[in-house]
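A short write-up of the structure that comes next.
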Amino acid sequence: MNRTDPLVLGIETSCDETGIGIVRGRELLANTIASSMDEHARYGGVVPEVAARAHLEALGPAIAQAVAEAGVRLEDLDAVAVTSGPGLAGALMVGVGAAKALAVSLGVPLYAVNHLVGHIAADVVTPDSEPLEYPTIALLVSGGHTSLLHVRDLTTDVELLGETIDDAAGEAFDKVARILGLPYPGGPQIDRAAEGGDPRAIRFPRGLSRASDMAAHRFDFSFSGLKTSVARWVEQHEAAGEPLPTADVAASFREAVVDVLVTKALDACAERGVPRLLLGGGVVANRRLREVALQRAAERGVTVRIPPLSLCTDNGAMIAALAAQLIASGREPSTLAFGADSTLPVTEIQVAEREGAGR
């Protein structure tokens with residue numbers, strides 16, 4: 001196997017997007033994504049059973065498309081990689097099963113990796129980017145996860161500093177969008193609705209940001225109370241018979257979420273003495289989050305890295321990239337003795353690694 005610039009195909013099926021990516025070392029060759037979002041929009045959110053069936057239908061065509069885009073053959077692969085967790089159990093099972101079958105049929109090594117660490121690895125294959133410096137603080141914000149990490153080394157040392165204790169930021173966007181009568185998914189809808197709105201019109205709460213929260217939850221997140229506060233405000237406004245200032249509500253809600261995310265991320269940079277911040281996850285598509293992060297980080301001398309938006313959403317390229325880094329660092333493949341782990345901790349970068357791995 002080529003350990004310097006391995007050719008790796010990555011499979012990502014943790015939620016509602018079937019991602020197939022192919023990389024050669026740090027070079028991105030293909031990033032194919034088949035989303036079932038439109039099917040879930042009928043229900044106002046992701047339905048696990050629907051997601052799993054959509055993955056089954058999309059995997060074959062997505063692999064064929066990625067291989068064609070990369071200009072390689074499956075027989076050329078040095079390894080196959082797959083998300084083992086965290087994510088929706090049924091959706092993960094589809095990807096894990098497909099990856100095992102593909103690796104065995106081709107006779108190539110298989111690397112089972114962590115979805116969240118994959119979001120960090122997306123930076124590795126960002127075109128024209130300098131190598132990621134360590135240590136770095138990583139803020140991962142998606143529909144199902146909001147996590148703050150201290151990354152000392154991508155392949156060996158990722159520490160969880162804090163995470164959401166209830167709704168993730170993406171879930172809060174979806175729920176508030178529903179409250180405002182906006183369609184799913186909520187993130188882009190809230191972003192559009194907030195245009196022209198006053199982010200200071202309504203002072204919504206900043207979860208786990210009071211002095212009394214700092215001891216136990218300094219770097220944790222909570223958006224459930226914020227969602228409830230928006231619902232109560234809207235109910236009271238409608239009960240009074242007044243027209244709903246949707247733009248102001250959307251802008252004020254978005255500002256509350258962004259304020260908490262950026263404040264805690266920069267506090268982590270200061271507390272750990274790390275002047276670098278990496279943003280990842282689908283919610284990074286939010287324009288206001290990127291703006292505030294860049295502005296406030298510059299004021300505090302912190303460098304911000306944001307992969308292209310196509311690499312921020314769930315994708316197979318980040319999974320392939322992480323595996324390529326594991327291979328280059330001398331890590332051994334995974335055995336076939338692993339399955340889908342919906343609660344896989346972020347500290348477990350690779351699962352079921354064979355004994356005798358190089359460290």
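The values are calculated or read from the model by the stated rules, or taken from the named source; none is laboratory data. As the structure is a computational prediction, the values presented were derived from the model and not from experiment. Backbone-built Cβ (ideal geometry, glycine too); neighbour counts: all protein chains shown. Heavy atoms of the whole protein, side chains included, go into the accessibility calculation; ligands, DNA and RNA do not. Shrake-Rupley method; radii C 1.70, N 1.55, O 1.52, S 1.80 Å.
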Take the alpha-carbon positions of the range 121-209, form their convex hull, and give its projected area averaged over all directions (one quarter of the hull surface) in nm².
-> 8.2 nm²
Gain in length, Thr156 to Ala215, computed as 0.36 nm per residue apart minus the alpha-carbon separation, to one decimal in nm?
-> 18.4 nm
Longest to shortest principal axis, alpha-carbon extents of the range 168-280, angstrom | 50, 28, 22
So Asp128 and Arg300, fully extended at 0.36 nm per residue minus their Cα-Cα distance, gain in nm 59.4 nm
Compute the accessible area per residue over the range 206-359, keeping the other protein chains in place, probe 1.4 Å, unit Å².
-> 41 Å²
In the range 1-111, if every C-alpha pair distance is counted and binned at 10 Å from zero, what percent goes to each bin?
-> 16, 47, 28, 8, 1
Quarter of the surface of the C-alpha convex hull for the range 1-52, i.e. direction-averaged projected area in nm², equals 4.2 nm²
222 nm [θ] for the chain, helices only, -39500 (n - 2.57) per DSSP H run of 4+, per residue, to 500?
-> -13000 deg cm²/dmol
Whole number in Å², please: accessible area per residue of the range 29-128, 1.4 Å probe, ligands, DNA and RNA not counted.
-> 39 Å²
Positive-pole candidate from Phe253, Thr347, Ala30, dipole of the chain, charges at beta carbon = Phe253
Under a cut-off of 25 Å between alpha-carbon atoms, report the lysines in cross-link reach of Lys175, not counting same-chain residues fewer than 8 places apart.
-> Lys227, Lys264
Test item: Cα-centred dipole of the range 32-190, Lys/Arg +1 and Asp/Glu -1 on Cβ, debye = 540 debye
Round to a whole number: what % of the accessible area of the range 1-68 belongs to carbon and sulfur, probe 1.4 Å?
-> 51 percent
The range 235-332 - percent of accessible surface contributed by carbon and sulfur, probe 1.4 Å = 48 percent
Percent of all Cα-Cα pairs per 20 Å bin for the chain, counting from 0 up to the last occupied bin, reads 31, 56, 13, 0
Ranked by GNM mean-square fluctuation in the chain (Cα springs under 10 Å), the top entry among Asp78, Asp16, Asp267 is Asp267
Return the single residue from Ala68, Ala34, Ala240 with maximal mean-square fluctuation; model: Gaussian network over the chain, springs between Cα atoms under 10 Å.
-> Ala240
Quick one: Cα centre-to-centre distance for the range 196-249 and the range 100-143, in angstrom?
-> 34 Å
Length released on extending from Leu309 to Glu27, taking residue separation times 0.36 nm less the Cα-Cα span | 99.8 nm
Solvent-accessible surface (1.4 angstrom probe) belonging to Lys227, in square angstrom, nearest 10 | 50 Å²
Alpha-carbon spread of the range 231-358, three principal axes, descending order, Å | 69, 37, 27
